[in-house]
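Novice: Dumping the structure here so I can ask a few things about it.
The values are calculated or read from the model by the stated rules, or taken from the named source; none is laboratory data. Computed from a predicted model, the values in this text were never measured in an experiment. When we count neighbours, we look across all protein chains shown, and the Cβ atoms used for this are built from the backbone with ideal geometry, even at glycine. In case anyone asks, the SASA skips ligands and DNA or RNA and just uses the protein heavy atoms, side chains included. Shrake-Rupley method; radii C 1.70, N 1.55, O 1.52, S 1.80 Å.
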Amino acid sequence: MTTIKTTCSACGDVELAADDMLLELTPLEATGRYSFDCPFCEINQFRPANERVVAILLAIGVSYIVGEELVSEAEIEDFVESLDDWLQDITAA
């Protein structure tokens, strides 16, 4: 098992396993941030991840997500309207 050394803002240096971290990738970029709960104080920590850090964390098996932006209700409504318009167009033809 690979050990990852990082820093907690309250406790200092900590060692984690890949399963203890989550990598949040920035869409369309090779950067992001990673998060972990400190094993000592249990405070959730966030750290930036440049291209090198992202590559290393992915290589050792850290779980990842891409972005965290949610779709708004307005965007959903716009999408539904466009589907309604599309359906009317194809049924009228």
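Novice: With each pseudo-label sitting 7 Å past Cα toward Cβ, what's the Asp19-Glu81 distance in nm, one decimal?
Specialist: 4.8
Novice: Lys/Arg Cβ at +1, Asp/Glu Cβ at -1, dipole of region 19-93 taken about the Cα centre: which of Gln88, Asn50, Ile65 is farthest positive-ward?
Specialist: Asn50
Novice: Then there's this: Can you send over the carbon and sulfur percentage of the accessible area for the chain, probe radius 1.4 Å, protein chains only?
Specialist: Roughly 54 percent of what the probe reaches on the chain is carbon or sulfur.
Novice: Let me ask something else about it. Assigning unit charges at the beta carbon (Lys, Arg +1; Asp, Glu -1) and nothing else, what dipole magnitude in debye, to the nearest 20, does the chain show about its Cα centre?
Specialist: I would put it at about 900 debye.
Novice: Could you order peptides 16-26, 79-89, 44-54, 2-12 by the average number of other Cβ atoms within 10 Å of their residues, highest first?
Specialist: Packing proxy ranking, top to bottom: 16-26, 44-54, 2-12, 79-89.
Novice: Under a 1.4 Å probe, what is the accessible area of region 1-55 per residue, stated in Å²?
Specialist: On a per-residue basis, region 1-55 sits at 64 Å².
Novice: As an exercise, use a Förster radius of 25 Å and the Cβ-Cβ distance of Thr3 and Val66 to find the FRET efficiency, rounded to the nearest 0.05.
Specialist: For R0 = 25 Å, the calculated efficiency reads 0.45.
Novice: Report the relative contact order of the chain, percent, no decimals, based on alpha-carbon pairs under 8 angstrom and at least 6 residues apart.
Specialist: 24
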